[in-house]
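First up is the structure itself, then whatever we jot down about it.
The values are calculated or read from the model by the stated rules, or taken from the named source; none is laboratory data. Computed from a predicted structure; not experimentally measured. Accessible surface areas use protein heavy atoms only, side chains included; no ligands, DNA or RNA. Shrake-Rupley method; radii C 1.70, N 1.55, O 1.52, S 1.80 Å.
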Amino acid sequence: QVQLLESGGGLVQAGGSLRLSCAASGSTFSNYGMGWFRQAPGKVREFVAAEMWNNERVEYLDSVKGRFTISRDNAKNTVYLQMDRLLPEDTAVYYCAARSGGRSWAQGSYDYWGQGTLVTVSS
C-alpha cells in the first residue's frame, strides 16, 4: 500500500509558476514509477507527466512540454511537478499517482492515487 498526499496548489496569475509536491508513505517509494494527472472542470482526467524509475525517462502531455518538469527525490519519498508559464487552461485538480508497471501515460497502469490539489490560473 502507498499513501500519496499532494500539496502546493493554489491561485496564480497566467505566466506564473507553482511547484506541486506529492509525498508518499507506506511502501518503498523507489519501487514505483510516478505520474501526474489533472482534471479540469467538466472534463475527463488526463495524463500530464510521468517519470520512469528515477527519471531515467520522462514523458509529458504535448501542451505542457517545455513548461512543466517532473522530478523525484527518493530520500524524501516525494515527487514534484514544477509548472512554469502557466496558462488559464492549466486550471484543474492535479493528482499524483504511483504504478509498479505498465504504460506511464495510462491511468489504468496506476495502483495508487492521491486526493488531488487544485490549481487555478487566472487570466
task: Quote the relative contact order of the chain in percent (integer), defining contacts as alpha-carbon pairs under 8 Å separated by 6+ residues.
output: 36 percent
- request: Quote to one decimal, in nm, the extra length available between residue 61 and residue 30 on full extension: 0.36 nm per residue of separation minus the C-alpha distance between them.
  value: 8.8 nm
statement: Honestly region 1-64 on the Cα gyration tensor test (a ≥ b ≥ c root eigenvalues; a/c under 1.5 rounded, otherwise a/b vs b/c for prolate or oblate) is just prolate
message: With θ taken as phi - 60° and the coefficients 6.51, -1.76 and 1.60, list the Karplus ³J(HN,Hα) couplings across region 89-106 in order, rounded to whole Hz; mark glycine and proline as x.
response: 6, 7, 4, 4, 8, 9, 10, 9, 8, 10, 9, 9, x, x, 6, 5, 8, 9
message: Computing the accessible area with a 1.4 Å probe over protein heavy atoms, can you report the carbon and sulfur percentage for the chain?
response: 48 percent
- prompt: Amide H to amide H under 5 Å from residue 116: which residues, 5+ apart in sequence or cross-chain, H placed 1.01 Å off N in plane?
  reply: 6, 96
task: Over region 25-86, average the accessible area per residue using a 1.4 Å probe and give it in Å², no decimals.
output: 50 Å²
